[in-house]
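First comes the structure, then the notes that go with it.
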Amino acid sequence: MPHSLRTERLLLRPPTVRDGAALARAVNDRAVLRNTGTWSYPASAEYARFRIASASGFIPSVHQSFLVIHGTEVIGQCGVGQREGEGFEIGYMIGRAWWGQGFMTEAVRALCAHTFRTMPAKSLWGGVFDDNPASKRVLEKLGFAYRGPSAPVWSIVRGRSDPGSDYELIRERFRP
């Protein structure tokens, strides 16, 4: 199991099924979940527990998931998983109450550093919906380069596939 990561303001730790209700409370907002592909709205504690339980079976050398905690409060989640080839893909979400405060940039920076330090990743990929400029800014602040449009991305909350963009961070370009 992966270890916990600390930043200036955050703790990133592997989730347990006991965290399901707290994670669901943090992200239970249509504006948050419409930017994910696989979460539905409303977010239920049962579904969050299911997602957490599923992640517990991941092989840590190719997939890791972390809760994002500020103080004692779960505010979001982030993770990384291997794509085809030598690249790894990151994903993240944060509750609306914590938008615009730099928390997700801080969390994803720690996730990237951890991934490059502990996993065989030559590059990291991030995909975002084109109508989510805040998520694009997170990636750009960390040195991810725009690689072009992705295939339309399905979102359960949106009920359709919408245009997205792919970003990549090469190990040598990352500056923790």
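The values are calculated or read from the model by the stated rules, or taken from the named source; none is laboratory data. Just so you know, these numbers come straight off a predicted model, no measurement behind them. Glycine gets a Cβ as well: all are built from the backbone with ideal geometry, and neighbour counts include every protein chain shown.
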Quiz item: So which residues in the range 163-176 are surrounded by fewer than 16 Cβ atoms within 10 Å (Cβ to Cβ) and either out of contact with any Gly (no Cβ under 9 Å at 6 or more places or on another chain) or of a type in the set (Gly, Ala, Ser) (or both)?
Solution: Pro163, Arg171, Glu172, Pro176
Quiz item: Out of all the residues in the range 47-74, which are closer than 22 Å to Ile156 by Cβ and touching a helix residue (DSSP H, G or I) at 6+ places or on another chain (Cβ under 9 Å)?
Solution: Tyr47, Ala48, Arg49, Phe50, Arg51, Ile52, Ala53, His63, Ser65, Leu67, Val68, Val74
Practice problem: Could you give me the residue pairs with C-beta distances under 6 Å whose first residue belongs to the range 29-40 and is closer than 11 Å to Trp154 by Cα, whose second residue is assigned to a loop (DSSP other than H, G, I, E, B) and basic (Lys, Arg) wherever it lies, and which are 6+ apart or on separate chains? | Solution: Arg34/Arg158
Quiz item: Which residues, taken from the range 22-46, are under 15 Å from Trp98 (Cα atoms) and either under 13 Å from the mean Cα position of the chain (by Cα) or not basic (Lys, Arg) (or both)?
Solution: Ala22, Leu23, Ala24, Ala26, Val27, Asn28, Asp29, Ala31, Val32, Leu33
Quiz item: From the set of residues in the range 110-129 that are touching a Pro at 6+ places or on another chain (Cβ under 9 Å) and either within 25 Å of Arg34 (Cα to Cα) or β-branched (Val, Ile, Thr) (or both), which is modelled with the lowest pLDDT?
Solution: Thr118
Quiz item: Within the range 130-144, can one find any residue that is surrounded by fewer than 19 Cβ atoms within 10 Å (Cβ to Cβ), touching a residue at least 40 places away in the same chain (Cβ under 8 Å), under 21 Å from Leu33 (Cα atoms) and not β-branched (Val, Ile, Thr)?
Solution: yes
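May I ask you to verify whether Arg49 is more than 17 Å from Lys136 (Cα to Cα) and surrounded by fewer than 17 Cβ atoms within 10 Å (Cβ to Cβ)? Give the derivation first.
Working: more than 17 Å from Lys136 (Cα to Cα): yes; surrounded by fewer than 17 Cβ atoms within 10 Å (Cβ to Cβ): no.
Spelling it out, it is not the case that Arg49 is more than 17 Å from Lys136 (Cα to Cα) and surrounded by fewer than 17 Cβ atoms within 10 Å (Cβ to Cβ).
Does Gly159 satisfy being exposed (fewer than 13 other Cβ atoms within 10 Å of the Cβ) and either among the aliphatic types (A, V, I, L, M) or modelled with pLDDT of 95 or more (or both)?
Values: exposed (fewer than 13 other Cβ atoms within 10 Å of the Cβ): yes; either among the aliphatic types (A, V, I, L, M) or modelled with pLDDT of 95 or more (or both): yes.
Taking the combined requirement at face value, the residue satisfies it.
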Practice problem: Among the candidates Pro149, Pro120, single out the residue that is part of a loop (DSSP other than H, G, I, E, B) and of a type outside the set (Gly, Ala, Ser). | Solution: Pro120
Self-check item: Members of the range 47-59 found to be among the hydrophobic types (A, V, I, L, M, F, W, C) and under 16 Å from the mean Cα position of the chain (by Cα), listed by number
Solution: Ala48, Ile52, Ala55, Phe58
Quiz item: Are any residues in the range 14-28 surrounded by 18 or more Cβ atoms within 10 Å (Cβ to Cβ) and either over 12 Å from Val68 (Cβ atoms) or not small (Gly, Ala, Ser) (or both), and if so, which ones?
Solution: Pro14, Pro15, Asp19, Gly20, Leu23, Ala24, Val27, Asn28
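Out of Ala97, Ala107, which single residue is within 25 Å of Arg30 (Cβ to Cβ), surrounded by fewer than 21 Cβ atoms within 10 Å (Cβ to Cβ), at pLDDT 95 or above and aliphatic (A, V, I, L, M)? Explain how you work it out, then say what you get.
Details: Ala107 fails: surrounded by fewer than 21 Cβ atoms within 10 Å (Cβ to Cβ).
Answer to the check: Ala97.
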